[in-house]
Amino acid sequence: MGLNIFTKSFNFSKIAKFKCEYMIELFGVKLDQPATVATNIALFIICTYCAISVMRSPAGRYDFVKKYSLFLLFTGIAALLGGIFSHGFKYYFGLSYSFPGWLIALGGAYYASIAAFRHALANELWPDIKPTTIKITEQILMLLLVIFMVLTYFYMNFLVVTIYTAICISVIGLYLEMKIFSKTQNIGSKIYIWGIGIGVLVLFVYIFKLGISPEFNHNDVAHIIMMISMVVLMKGFKGMSAAKLT
């Protein structure tokens, strides 16, 4: 019952492109993709630290910043669950065990979209907006979340989570923070834009499966980029301000 390390299903069709399942067996317990598990845990630690740091910062008094910190926290928890059920111990668990972590990831992205909207309101991006319009907009964002939760359940594919996250963060969030920066020149919004720019690189890593080796594949590279992006976003959230307290 010693340590047994083996790999299977390699695809070296392109340089720095790997498709693999790398596993170790320690005292009879099989652990898939150990490097991916490690980077998932590291991402969880980074996200948790960033969330707490944002909550404790002066900007943490704003409701929208609190929502952004929940985005960080939920993303970290989802990463931890993903490392356990979707990668590390998938030999023992079925795909359905990934579903709770995916739901948490969806929830985190939802908080990011709500945070961006409320940040825009706090900076009076639409001075004449009516309370009814605000309520309807937030209900639409909630409905979008529910729709993607249902889609995730029926398709059981992480791609659905990725699409929703991109909509919330790279479309809704980026658009609103760019508008806020254009109006206020707020440094927090500017840093947010940089953070999302770094995060977009993750899509290219996933699409082209850009890994360093079979043991350190595209998932691990993506996680490293996400850690950098989360730290940049943390700095952005801590630098955000508002024309009125909300």
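Computed from the coordinates by the stated procedures, all read-outs in this text should not be read as laboratory data. Bear in mind the structure is a predicted one, so any value in this text is a computation, not a measurement. Quick reminder, even Gly has a Cβ in these numbers, built from the backbone with ideal geometry, and neighbours come from all protein chains shown.
Projecting the Cα atoms of THR39, PHE64, VAL231 onto the dipole axis of segment 34-238, where Lys and Arg carry +1 and Asp and Glu carry -1 at the beta carbon, places PHE64 farthest toward the positive end.
When a/c reaches 1.5 or more, the comparison of a/b and b/c decides; with that in mind, is the chain rounded, prolate or oblate per its Cα gyration tensor? The shape class here is prolate.
Okay, helix-only estimate at 222 nm for the chain: each DSSP H run of n ≥ 4 adds -39500 (n - 2.57), divide by all residues, round to 500 deg cm²/dmol; what do you get? Spell out each step's value before the answer.
Working: 8 runs with 153 residues, N = 246.
Theoretical 222 nm ellipticity from helices: -21500 deg cm²/dmol.
Show me 206-215, 47-56 ranked by packing, highest mean number of other Cβ atoms within 10 Å first. Present the calculation step by step, with values, prior to reporting the outcome.
Numbers: 206-215: 15.6, 47-56: 19.8.
Averaged packing, sorted descending, gives the order 47-56, 206-215.
Here segment 22-98 is treated with +1 on each Lys and Arg Cβ and -1 on each Asp and Glu Cβ, and its dipole about the Cα centre works out to around 320 debye.
At 20 angstrom or more along the helix axis (alpha-carbon based) and mean Kyte-Doolittle of -0.5 or higher, what helices does the chain contain? Whole DSSP H runs only.
On the way: long enough: 34-56 (33 Å, 1.45); 63-81 (27 Å, 1.33); 99-122 (34 Å, 0.99); 131-155 (36 Å, 1.48); 187-208 (33 Å, 1.95); 218-238 (30 Å, 0.94).
Span-like helices here: 34-56, 63-81, 99-122, 131-155, 187-208, 218-238.
Which value, in debye to the nearest 20, describes the size of the charge dipole of the chain about its Cα centre when Lys and Arg Cβ atoms bear +1, Asp and Glu Cβ atoms bear -1, and nothing else is charged?
Values: 20 positive and 10 negative charges, 98 e Å.
Magnitude of the dipole: close to 480 debye.
Relative contact order for the chain: what percent, with Cα pairs under 8 Å and sequence separation of 6 or more?
Numbers: 404 pairs, mean separation 62.8, N = 246.
Relative contact order, the chain: 26 percent.
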